[in-house]
Amino acid sequence: MKHDIGCLQAIEAFYAYLDGELDDPDSIADFEHHADHCRSCFSRIEIERALNQRIQKTAKHSSPEVLRDRVAELMKRF
Amino acid sequence: MTHVDTKAFFGAGVERHIDSMYGVALRLTRVNTDAEDLVAEAVAKAWASIDTLSDRARFRPWIFRIMHNTFVSDYRKKSIRPIEASFNDGENDDDDLASLLNEQSDDFLVWWSNPEREFFNNLLGEKLLEALDNLPEAFRTVVILVNVEGFTYDETAEVLGIAPGTVRSRMKRGRTLLQKVLWDQRPGLHEGKRP
């Protein structure tokens, strides 16, 4: 069931929503209903999403070969 | 399970998570060689305490917790960079976003409500990493674990030995601080200024 929630309540919920931590279907429906009808909150969510994606893309690293070799050597001794 | 099976399980788990471990270690230590040392040390410690892993499905939070504990007990003490202590570390669960926003300037709030999309599109990777690295460690760690590595709040709480509510409040504050750092880098801020 959808309830009209205000911006303050939506802001409190939106990080949990973006992080997949809002697991109650009614809370998700209320939040999405608000976001669909509030330009300001919709805009914030879009910006947060863009920032999250940039952080993910930028801060992901592959381990260097020297570390992989080192760990492989270590594992031989286990 | 035999020693061979246990070793195979452990090796596969390390192989699966080594990139992620290195990424987190790099943001914790901020130095490549220290990050490599931290991962190697964590792998050695994890193998030595493999018997403490009661649920093998929890391998990821278990080995990250060992790595974080190793960082806290060994590397942080050796760090020449001071540990930031001037920020509220988000321990208060009533540290809600509304109160965080009340602490910010009106100009920031206007920008935060609708920052220029172009700014994010053009934001250089190194500037973003610099902003992340300048977050106080308590916030930097949760942002990396949740945002970059996809840990749940519960898993992050397990890794750091804190309550899930504290993870939630640190995420809010960490993101707000990150946006403030990025706000300080916004285009046009220094235009018109002459040395």
Scanning region A:60-69 for residues that are under 12 Å from B:A35 (Cβ atoms) and part of a helix (DSSP H, G or I), the one nearest to the chain's Cα centre (by Cα) turns out to be A:L67
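Right, A:E73: modelled with pLDDT of 90 or more and within 11 Å of another protein chain (Cβ to nearest Cβ) or not?
Spelling it out, A:E73 is indeed modelled with pLDDT of 90 or more and within 11 Å of another protein chain (Cβ to nearest Cβ).
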Considering only region B:9-20, I want to know if a residue exists there that is aliphatic (A, V, I, L, M) and touching a Phe, Trp or Tyr at 6+ places or on another chain (Cβ under 8 Å).
no
For region A:46-56, check the following and say yes or no: at least one residue is within 15 Å of B:N147 (Cα to Cα), of a type outside the set (S, T, N, Q) and modelled with pLDDT of 85 or more.
yes
Of B:K7, B:K45, the only residue that is more than 9 Å from chain A (Cβ to nearest Cβ) and either free of Cβ contacts under 8 Å to residues at least 60 places away in the same chain or crowded, with 20+ Cβ neighbours inside 10 Å (or both) is B:K45
Among (1) assigned to a helix (DSSP H, G or I); (2) within 7 Å of chain B (Cβ to nearest Cβ), where does A:F42 come up short?
(2)
Residues in region B:102-113: is at least one more than 9 Å from every other protein chain (Cβ to nearest Cβ), at pLDDT 85 or above, out of contact with any Gly (no Cβ under 7 Å at 6 or more places or on another chain) and in a helix (DSSP H, G or I)?
no
Could you check, for region B:50-66, whether at least one of its residues is within 12 Å of another protein chain (Cβ to nearest Cβ), surrounded by fewer than 21 Cβ atoms within 10 Å (Cβ to Cβ) and assigned to a helix (DSSP H, G or I)?
yes
Looking only at region B:124-163, which residues are surrounded by fewer than 16 Cβ atoms within 10 Å (Cβ to Cβ) and either at pLDDT 95 or above or more than 17 Å from A:H61 (Cα to Cα) (or both)?
B:N134, B:D154, B:G161, B:A163
Determine whether region A:55-64 contains at least one residue that is open to solvent by 50 Å² or more (accessible area, probe 1.4 Å) and more than 9 Å from every other protein chain (Cβ to nearest Cβ).
no
Residue check: is A:K2 under 20 Å from B:T176 (Cα atoms) and either more than 10 Å from chain B (Cβ to nearest Cβ) or at pLDDT below 90 (or both)?
no
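The values are calculated or read from the model by the stated rules, or taken from the named source; none is laboratory data. In this text the structure is predicted, and so the values were computed from the model without any measurement. Here the Cβ is made from the backbone with ideal geometry for all residues, glycine too, and neighbour counts use every protein chain on show. Note: accessible area is taken over every heavy atom of the protein model, side chains too, but ligands, DNA and RNA are not part of it. Shrake-Rupley method; radii C 1.70, N 1.55, O 1.52, S 1.80 Å.
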